[in-house]
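To keep things clear, I will list the structure first and then write my remarks on it.
Read-outs throughout are calculated quantities, based only on the coordinates presented, and are distinct from any laboratory measurement. Predicted model, so just to flag it, every value in this text is computed and none were measured. Neighbour counts run over all protein chains shown; Cβ positions are idealised from the backbone, glycine included.
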Amino acid sequence: MTMLHSADFFPAGDYAIAIEPRVPQQAFPEHHHDFHEIVLVEQGSGIHIFNGQPQTLSAGCVCFVRDHDRHLYEQTENLCLTNVLYRSPADFRFLSGLQALLPREEAGQYPSHWRVNQKVMAQALQLVNQMQQHASWSLERQAHQEQLFLQLLVLLREAAHNPEAQDAEARLHRLLDWLNAHYSEDIAWDALADRFSLPLRTLHRQMKQQTGSTPQRYLNRLRLLQARHLLRHSDMRITDIAFQCGFGDSNHFSTLFRREFGCAPRMERQQMV
């Protein structure tokens, strides 16, 4: 597995933060780093395999990657990212207590992926742009950069954990989070639109804008990603995997799987042997 080293990304001096735009982000093999990373998804879509688990990416996603996390990108479609790299929180000169603003692992679960709206993403990218490191180091520049990083963390946390947000975009984000947890259930889109107080037409339009997919294709992708994970990491029968992931017909599952990943489920399993 590839390991990325801070010496290749951080400039000389004591800066604790480095900015790496990826416009666009190409498919990239599994890797980890000796630094931490906040990934801001500006536009496009793709799949983020995070510690072996598939996550869909679309505009507004924010991903927190720790120095020991394994991840990779695949099936990227005009995926534009800005990566905010940072050293261990203990290496910041002017800030302390940063861990309280970062996602925390609880009961083995790490909430690594957040969602923010377009307005907040624009504000975040503006802060990041001001964070760009100078060629030469100075104490004042480092202090300013760390101050901006703190503002970024507060902005993202407030936006992602604001239960009062009631606009259509916030309701769509809650719907997408619900789908990530309930993808295997029978989904009636009109009932789901009512549940999240979204007109059905608005649901279709905003999902297409946010994810690049229609609602049903997005749901199918969630199911297929989990099915591929089970094919790779379990001994379950292919038919059982299809049903567990929400497909009522194994032949239909195989057709969709081949269309999405370019090979049949059985071939996917054989490749892992």
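Only sites in a loop by DSSP and with at most 11 other Cβ atoms within 10 Å count here; which GluC sites (Glu not before Pro) in region 47-116 make the cut?
Details: sites: 74, 77, 105, 106; in loops: 105.
Filter output for region 47-116: 105.
What percent does the relative contact order of the chain come to when contacts are Cα pairs within less than 8 Å and at least six residues apart?
Relative contact order comes out at 16 percent.
Among 224, 155, 101, which one shows the biggest mean-square fluctuation in a GNM of the chain, springs joining Cα atoms closer than 10 Å?
101
Here are some values of mean projected area of the Cα convex hull in nm²: (1) 13.1; (2) 14.0; (3) 15.2. Which one was computed from this structure?
The value matching this structure is (3).
Rounded to whole Hz and in sequence order, give me ³J(HN,Hα) for region 91-97 from the Karplus expression 6.51 cos²θ - 1.76 cosθ + 1.60, θ = phi - 60°, writing x for Gly and Pro.
8, 6, 7, 10, 10, 9, x
Under the classification rounded if a/c is under 1.5, otherwise prolate if a/b is larger than b/c and oblate if not, where does region 168-271 fall, given a ≥ b ≥ c as square roots of the Cα gyration tensor eigenvalues?
Values: a/c = 2.53, a/b = 2.18, b/c = 1.16.
Prolate is the answer for region 168-271, as a/c is 1.5 or above and a/b outweighs b/c.
Highest mean first, how do 189-201, 118-130 rank when packing is the count of other Cβ atoms within 10 Å averaged over residues?
118-130, 189-201
Mind checking the angle between helix 139-160 and the chain's longest principal axis? C-alpha axes, 0 to 90 degrees, to the nearest 10.
With rounding to tens, the tilt is 30 degrees.
Compute the long axis of helix 200-211 from its Cα atoms, compare it with the longest principal axis of the Cα atoms of the chain, and write down the angle in degrees, 0 to 90, nearest 10.
It works out to around 50 degrees.
Within 10 Å of each candidate Cβ there may be at most 15 other Cβ atoms; applying that plus a DSSP loop requirement, which chymotrypsin sites (Phe, Trp or Tyr not before Pro) in region 66-175 survive?
Counting only loop positions with at most 15 other Cβ atoms within 10 Å, the chymotrypsin sites (Phe, Trp or Tyr not before Pro) in region 66-175 are 94, 137.
Non-local amide H neighbours of residue 4 (under 5 Å, H modeled in plane, Pro and chain starts lacking H): which ones?
Correct list: 32, 33, 34.
List the trypsin sites (Lys or Arg not before Pro) within region 228-273 that fall in a DSSP loop (any state other than H, G, I, E or B) and whose Cβ has at most 15 other Cβ atoms within 10 Å.
Filter output for region 228-273: 237.
Long-range amide H contacts for residue 59: which residues qualify at under 5 Å (H placed 1.01 Å from N, peptide plane, sequence gap of 5 or more or a different chain)?
44
Return the single residue from 93, 171, 115 with maximal mean-square fluctuation; model: Gaussian network over the chain, springs between Cα atoms under 10 Å.
93
Need one word for region 93-132: rounded, prolate or oblate. Basis is the Cα gyration tensor (sqrt eigenvalues a ≥ b ≥ c); a/c below 1.5 gives rounded, then a/b vs b/c decides.
Note, shape of region 93-132 comes out oblate.
Can you grab the distance from the C-alpha centre of region 41-112 to the C-alpha centre of region 118-170, Å, no decimals?
About 15 Å separates the Cα centre of region 41-112 from the one of region 118-170.
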